[in-house]
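The following block contains the structure, expressed as structure tokens.
The values are calculated or read from the model by the stated rules, or taken from the named source; none is laboratory data. All figures in this text were calculated on a predicted structure; none of them were measured in a lab. Backbone-built Cβ (ideal geometry, glycine too); neighbour counts: all protein chains shown. Surface accessibility is based on the protein's heavy atoms, side chains included, excluding ligands, DNA and RNA. Shrake-Rupley method; radii C 1.70, N 1.55, O 1.52, S 1.80 Å.
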Amino acid sequence: MPRIVAHLDLDAFFAAAEVIDQPRLAGLPLIVGGSPDGRGVVATASYQARAFGVRSAMSSAEARRRCPTAVFVRPDHARYLRHSRAVWALVDLRVPLVEQVGIDEGYLDLSSLVTTAREADAFLVGLQAEIRSVTGFDASFGCGTAKVVAKVASDFRKPCGVTVIPAGSEAAFLASLPLRTLPGIGPKADARLREAGLATVGDLAVLADHRLARLLPGVVGLELRERACGRDPRPVQRAGLASSISVEETFEHDVAEPDVLRAIALRLSDDVAVRLDRAARGAQTVVVKLRYPDFSIATRSQTAKAPFRGPDEIARLALIALVRALRDRPAPVRLLGVGVAKLVHSEQLRLFE
Amino acid sequence: MSLLEAPETLKITCSTTHLADRLAIASRATSTRASIQVASGIRISAPDAEGPVELAATDLELSLRVPLDAEVEEPGSVVLPARVVHDIVRQLRTDRVTITSTSGDGRAKITSGSGEYGVHTHPVEDFPRLPEIDAERTFELDRQVFGGTVDRVIRAASKDESRPVLTGVLVHLEPGRLTMAATDSYRMAVRETALADVVPEPVEAIVPARALAELGRLLGSSSGTLAVCVDRNMIAFGVDGVWLTARRIEGQFPNFRSLRPAAFEHEVRLPRAELLDVVKRVGIFARNNAPLRLSFAPGELTVSASTPDVGDAQETIPASFGGDPFSIGFNADFFRDGLDVTEGDDTTVQMINPIRPAVLGGSDDGFWYLIMPIRLS
């Protein structure tokens, strides 16, 4: 029996959280991020702001040029994590196997709940409505027989979309999409495939072995071609007992601006905090990893006196480590990663943050 | 003539043990941080030949003014290095000691018997201005009630300077009632108690826990009444002529009433002294953030702890528990503190579940100790 996997993606999550906490912001073009007067960067923009061409990771100054009426709000990650917990607590009640991969996204294994695409669609529409009425957040869902299909499908109709790809039609669904929509195709792979004349996921799916071996050598290429066909063996996994947790991001263009790197480090810190939270663990060390265009890797770690878990503390330590790494080697960066290590089993809970 | 304008020459003589005792008190407000050198000094002021002699010290957060019984041969003032002077005076074995300083040479002399000890002084004009005590705004409080309330809550205050508000104790004085609350965000102690004294106007101040700890020491070593003076920025406590002044901490104290859960799933009465002993023993094995585990089963409570590379321990005592077995973890020190400060033969432990706050209480209805669990893996 095929697995049925859904991907949940909360719509413009930070902006939505701000609107829930400050209803007067509803309907306004809202930008959560750094100050447009300084050298801040956009973390999230509401759909009203996106209509003006505002995008995540754009400089806040540029965002204001595109959308002069935008309201800027500084991010409050601890508060967003509390909102996120409420959403995922609800999802946990309805779905037995959930793998949260970020503050606003995760995979749901629906195999034990539904058997057909129609049932999956009905279930997800119901869950979407329940999330909306209980927490106030809008979510988009994608669903299919594999993680990669679910992930691409959740992005297919946003916001408030539910896109279920029936078993057997995965490859057809993916075929016409641009290469970059396939998770795992980074800027370099994209450029290389385009130079070779490929344009869509479908082109990759039918690429001959010898060309694949030349363009994307090794296991990576084989894995990406499988995904292009809608096949993805990765199971939905509950937060495990790893000894460390980390997330990283490879950039389309090498990034040299410290402010942009800081903004990305903040976002990655949120994702690390979420995974740590779900693993019910605390950590004592934050590790920042940088890869430079020459593929050399630098890591810097920062250890706290007491175990921590919240996004603010992770971000604080990550920024200290990042500043140290950039001071030691001020150069453009190809990849940035944030992780936590020295995980502790038990964690002292707080009465208030 | 005000104290600050006293000439810089000075000669006083007093009892050695009395001076050592008074220096010990004043030293509590000195700071050894290098950035404010004069804060490591104790000022001796003798404004005139007849008048009182006063020791004063401040680290800018806390200040102490301590009266000294001494014969004044030459009025004046001097700022002595607290550490070295205190160290030498308490080693003296003669009855009388004389302190002399001469204007302008930056030195003072301590003479006792055949001994003569010269020390470098700090400039008097650099000594911070100490807050004045406004006699009109001063009122008396029951030292037993006030000091007893401090003792019950102060351990829950935070030592983490990054959140100044939590390093203080909320002191709320209103007609007929005194309330104090302290929390480090992991636990919170609150006591509300009746107050017979007349308070001129209601006061709600966040007072540095350090200042209240010093006040506790002062009250412990004297039997005088407790005088209090409050203004916008500071609060002062007077005991036997010693005035302790503290800067009030600005900010919003957590709403402690709203943090107390309204209802609980479990309520267990436990023999306080016996449980405290168990916790002290088993707690030795809860180190490096390892939790003290309380496992409740019908009729009994098992307290256990285990620290990698150290060892493990468990003890079981009878308990009035009747529900489904469950376990909850606490920081051993926080839990022991809670048992320590509740009163009566029995401690009541109220719990919801292993990740929600628990409340310890005793025979005093006005006291409660809220404690957050350690999440057990």
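Here is a list: A:Arg291, A:Arg309, A:Arg327, A:Arg316. Which entry is open to solvent by 10 Å² or more (accessible area, probe 1.4 Å), away from every other protein chain (no Cβ under 14 Å) and under 25 Å from the mean Cα position of the chain (by Cα)?
Of A:Arg291, A:Arg309, A:Arg327, A:Arg316, the one residue that is open to solvent by 10 Å² or more (accessible area, probe 1.4 Å), away from every other protein chain (no Cβ under 14 Å) and under 25 Å from the mean Cα position of the chain (by Cα) is A:Arg291.
Please tell me if B:Glu315 is within 15 Å of B:Pro271 (Cβ to Cβ), in contact with a helix residue (DSSP H, G or I) (Cβ under 7 Å, 6 or more places away or on another chain), without any contact (Cβ under 8 Å) to a residue 40 or more places away in the chain and open to solvent by 40 Å² or more (accessible area, probe 1.4 Å).
Numbers: within 15 Å of B:Pro271 (Cβ to Cβ): yes; in contact with a helix residue (DSSP H, G or I) (Cβ under 7 Å, 6 or more places away or on another chain): yes; without any contact (Cβ under 8 Å) to a residue 40 or more places away in the chain: yes; open to solvent by 40 Å² or more (accessible area, probe 1.4 Å): yes.
It is true that B:Glu315 is within 15 Å of B:Pro271 (Cβ to Cβ), in contact with a helix residue (DSSP H, G or I) (Cβ under 7 Å, 6 or more places away or on another chain), without any contact (Cβ under 8 Å) to a residue 40 or more places away in the chain and open to solvent by 40 Å² or more (accessible area, probe 1.4 Å).
Among the numbered conditions (1) open to solvent by 50 Å² or more (accessible area, probe 1.4 Å); (2) under 26 Å from A:Gly184 (Cα atoms), tell me where A:Ser84 comes up short.
(1)
Next up: Scan segment B:363-377 for residues that are touching a strand residue (DSSP E or B) at 6+ places or on another chain (Cβ under 6 Å) and facing chain A (nearest Cβ under 7 Å) and report the count.
5
Take A:Thr250 and decide whether it is outside any loop (DSSP other than H, G, I, E, B), open to solvent by 50 Å² or more (accessible area, probe 1.4 Å) and without any contact (Cβ under 8 Å) to a residue 40 or more places away in the chain. Talk me through it step by step, then tell me what you get.
Details: outside any loop (DSSP other than H, G, I, E, B): yes; open to solvent by 50 Å² or more (accessible area, probe 1.4 Å): yes; without any contact (Cβ under 8 Å) to a residue 40 or more places away in the chain: no.
Judged against the criteria, A:Thr250 is not a match.
A further question on this structure: How many residues are more than 14 Å from every other protein chain (Cβ to nearest Cβ) and either in a strand (DSSP E or B) or hydrophobic (A, V, I, L, M, F, W, C) (or both) when one looks only at segment A:330-353?
Total meeting the criteria: 10.
Given the criterion open to solvent by 40 Å² or more (accessible area, probe 1.4 Å), under 18 Å from B:Ala236 (Cα atoms) and among the hydrophobic types (A, V, I, L, M, F, W, C), identify the matching residue among B:Val169, B:Val198. Give the derivation first.
Values: B:Val169 fails: open to solvent by 40 Å² or more (accessible area, probe 1.4 Å).
Testing whether each residue is open to solvent by 40 Å² or more (accessible area, probe 1.4 Å), under 18 Å from B:Ala236 (Cα atoms) and among the hydrophobic types (A, V, I, L, M, F, W, C) leaves just B:Val198.
Consider segment B:258-284. How many of its residues are without any contact (Cβ under 8 Å) to a residue 40 or more places away in the chain and either assigned to a strand (DSSP E or B) or within 14 Å of chain A (Cβ to nearest Cβ) (or both)?
1
Which is part of a loop (DSSP other than H, G, I, E, B), within 14 Å of chain A (Cβ to nearest Cβ) and out of contact with any Pro (no Cβ under 8 Å at 6 or more places or on another chain), of B:Arg287, B:Arg356, B:Arg293? Before the answer, list the steps.
Values: B:Arg356 fails: out of contact with any Pro (no Cβ under 8 Å at 6 or more places or on another chain); B:Arg293 fails: part of a loop (DSSP other than H, G, I, E, B).
B:Arg287 is the lone residue from the list that is part of a loop (DSSP other than H, G, I, E, B), within 14 Å of chain A (Cβ to nearest Cβ) and out of contact with any Pro (no Cβ under 8 Å at 6 or more places or on another chain).
On to the next question. Restricting the search to segment B:107-140, which residues are more than 30 Å from B:Ile235 (Cα to Cα) and open to solvent by less than 30 Å² (accessible area, probe 1.4 Å)? Break it down stepwise before answering.
Taking segment B:107-140 as the starting set, the residues that turn out to be more than 30 Å from B:Ile235 (Cα to Cα) are B:107-120.
Of everything in segment B:107-140, those that are more than 30 Å from B:Ile235 (Cα to Cα) and open to solvent by less than 30 Å² (accessible area, probe 1.4 Å) turn out to be B:Ala108, B:Ile110, B:Ser112, B:Gly115, B:Val119.
Moving to a separate point now. Scan segment A:268-286 and give yes if some residue there is within 14 Å of another protein chain (Cβ to nearest Cβ), at pLDDT 90 or above, open to solvent by 20 Å² or more (accessible area, probe 1.4 Å) and closer than 22 Å to A:Asp104 by Cβ, otherwise no.
The answer is no, given that none of the residues of segment A:268-286 is within 14 Å of another protein chain (Cβ to nearest Cβ), at pLDDT 90 or above, open to solvent by 20 Å² or more (accessible area, probe 1.4 Å) and closer than 22 Å to A:Asp104 by Cβ.
Among the candidates A:Ala167, A:Ala153, A:Ala172, which residue alone is over 30 Å from A:His253 (Cα atoms) and not in a loop (DSSP other than H, G, I, E, B)?
Values: A:Ala167 fails: not in a loop (DSSP other than H, G, I, E, B); A:Ala153 fails: over 30 Å from A:His253 (Cα atoms).
Within the list A:Ala167, A:Ala153, A:Ala172, the selection yields A:Ala172.
Does segment A:305-322 contain any residue that is in contact with a Pro (Cβ under 7 Å, 6 or more places away or on another chain) and on the phi < 0 side of the Ramachandran plot?
Quick first cut of segment A:305-322, residues in contact with a Pro (Cβ under 7 Å, 6 or more places away or on another chain) only: none.
No, segment A:305-322 contains no residue that is in contact with a Pro (Cβ under 7 Å, 6 or more places away or on another chain) and on the phi < 0 side of the Ramachandran plot.
Can you tell me which residue in segment A:58-81 is most open to solvent (accessible area, probe 1.4 Å), limited to those that are basic (Lys, Arg) and outside any loop (DSSP other than H, G, I, E, B)? Please lay out each step first, then the result.
In the first step, residues of segment A:58-81 are kept if they are basic (Lys, Arg); the result is A:64-66, A:74, A:79.
Now drop any that are not outside any loop (DSSP other than H, G, I, E, B), which leaves A:64-66, A:79.
Working: A:Arg64: 92, A:Arg65: 160, A:Arg66: 106, A:Arg79: 51 Å².
Here the answer is A:Arg65.
Could you give me the residue pairs with C-beta distances under 8 Å whose first residue belongs to segment B:107-132 and is at positive phi and assigned by TED's automatic domain parsing to the domain that holds B:Val85, whose second residue is part of a loop (DSSP other than H, G, I, E, B) and open to solvent by 50 Å² or more (accessible area, probe 1.4 Å) wherever it lies, and which are 6+ apart or on separate chains?
Partner pairs satisfying both residue conditions: B:Gly113/B:Arg93; B:Gly113/B:Thr94.
Let me confirm something: among A:Pro166, A:Pro178, which residue is over 19 Å from A:Pro2 (Cα atoms), open to solvent by 40 Å² or more (accessible area, probe 1.4 Å) and over 18 Å from the mean Cα position of the chain (by Cα)?
Values: A:Pro166 fails: over 19 Å from A:Pro2 (Cα atoms).
Going through A:Pro166, A:Pro178 in turn, just one is over 19 Å from A:Pro2 (Cα atoms), open to solvent by 40 Å² or more (accessible area, probe 1.4 Å) and over 18 Å from the mean Cα position of the chain (by Cα): A:Pro178.
Also: Which condition number in (1) more than 14 Å from every other protein chain (Cβ to nearest Cβ); (2) farther than 22 Å from B:Ser162 by Cα; (3) open to solvent by 20 Å² or more (accessible area, probe 1.4 Å) is the one that A:Gln302 fails?
That leaves (2) as the condition not met.
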